[in-house]
């Protein structure tokens, strides 16, 4: 048996296939009708829309078979994607490339195969629209022409499907950003003015005498906390403003990013006698928007330090079985009471609590963390036990090749 060769543009081809988000998707009537029509025109019992993945060929639509995929090594379509026209095998038993192929020797006993490559709008052959019979066969010119046309229609369907998904994603993002914009307007009117009013009240208080050192000593930490709160709010608002621009997904070494962000908090951790351990675990490349993931890590690590005293804050990185990386921010801090934990899991709620040293927050950071993770098609998982600590985690897809 001759295994299909790997195309020269395989890495780019697979990236295109991943980008389309079509693998393992639900059945769709438009594809099923193409398969049915191909079967009728060519007079065969089996017809498929196949997509050739890294180690399998997966069936987007199928007629005449019960399985959803077969191994790429035995696939006829793996051969067909090397050309731009129909790949035809009239009698597999008489072909030295296929006579001992398991799909020929065993069920479905392929004898005849014809596959028209399905091409993406960027020019990559993703799979085929193919027809199969258990008897040797040939197609006439009309059938060949029809199969070419149907293959082109399959390519157009995938292109239209992609545009529809992108439009839906854009609409969801716009709706989410509009909702967040309304929330931020409320935050600005309340949280931005709050610390300023508080500081003004302290400074204008008849009980504060600028000539008494003890009064100034009492005033200093209050002003410091309010300024820190304002600084955090402004940083979050600036990051939100940047996020309204185009998202840029690239390959990043997540361990390097974790170490970079952790270095920003070494002083904060030292000040609270916290052991800060970062980048523990696998050295993995993921696909993500670098700016957003920096923001997510910065907020989660900052919160972990905020609610921990004389303890441990660490960031773990693990690889899962389904080609994803799990990033966990773990602390041994005060934990989250059950009632507050339930509220935190209501994603439309803005919650702000003070840290172990009365550090203030606006609640905006966690909202943006969730917003940015949703753009990455993932979510924030929260586990916590009061007086023992908390774990905040999220997953990201691994880059191709991991």
Among 388-396, 133-141, the order from most to least packed when residues are scored by Cβ within 10 Å on average = 388-396, 133-141
query = Where does the Debye-calculated log10 I(q)/I(0) of region 10-166 sit at q = 0.20 Å⁻¹, using only Cα point scatterers of equal weight, no solvent?
reply = -1.31
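What list do you get for 116, 292, 1 if you sort them by fewest beta carbons within 10 Å?
So the ranking, lowest neighbour count to highest, is 1, 292, 116.
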request  = Arrange 398, 165 by Cβ neighbour counts within 10 Å, fewest through most, would you?
outcome  = 165, 398
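Length gain on complete extension for the stretch residue 67 to residue 320, per 0.36 nm per residue less the alpha carbon to alpha carbon distance?
88.5 nm
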message = Could you sort the peptides 331-340, 270-279 by per-residue average Cβ neighbour count (10 Å cutoff), highest mean leading?
response = 331-340, 270-279
ask   = Scaled to the compact-protein estimate 2.2 N^0.38 Å, what is the alpha-carbon radius of gyration of region 245-397, rounded to two decimal places?
value = 0.99
note = On the formula 1/(1 + (r/R0)^6), with r taken between the Cβ atoms of residue 100 and residue 280 and R0 of 45 Å, the FRET efficiency rounded to 0.05 is 0.35
key: Least to most buried among 252, 110 (fewest other Cβ within 10 Å first)   = 252, 110
request  = Compute the distance in nm between two label points, each set 7 Å from the Cα along the Cα-to-Cβ direction, one at residue 149 and one at residue 121.
outcome  = 2.4 nm
remark   = Checking rank on 315-327, 145-157, with mean other Cβ inside 10 Å and highest first, the result is 145-157, 315-327
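None of the figures in this text is laboratory data; all of them are computed from the coordinates on show. Since the model is a prediction, treat every value here as computed from it, not as a measurement. In this analysis, Cβ positions are derived from the backbone assuming ideal geometry, glycine residues included, and neighbour counts consider all displayed protein chains.
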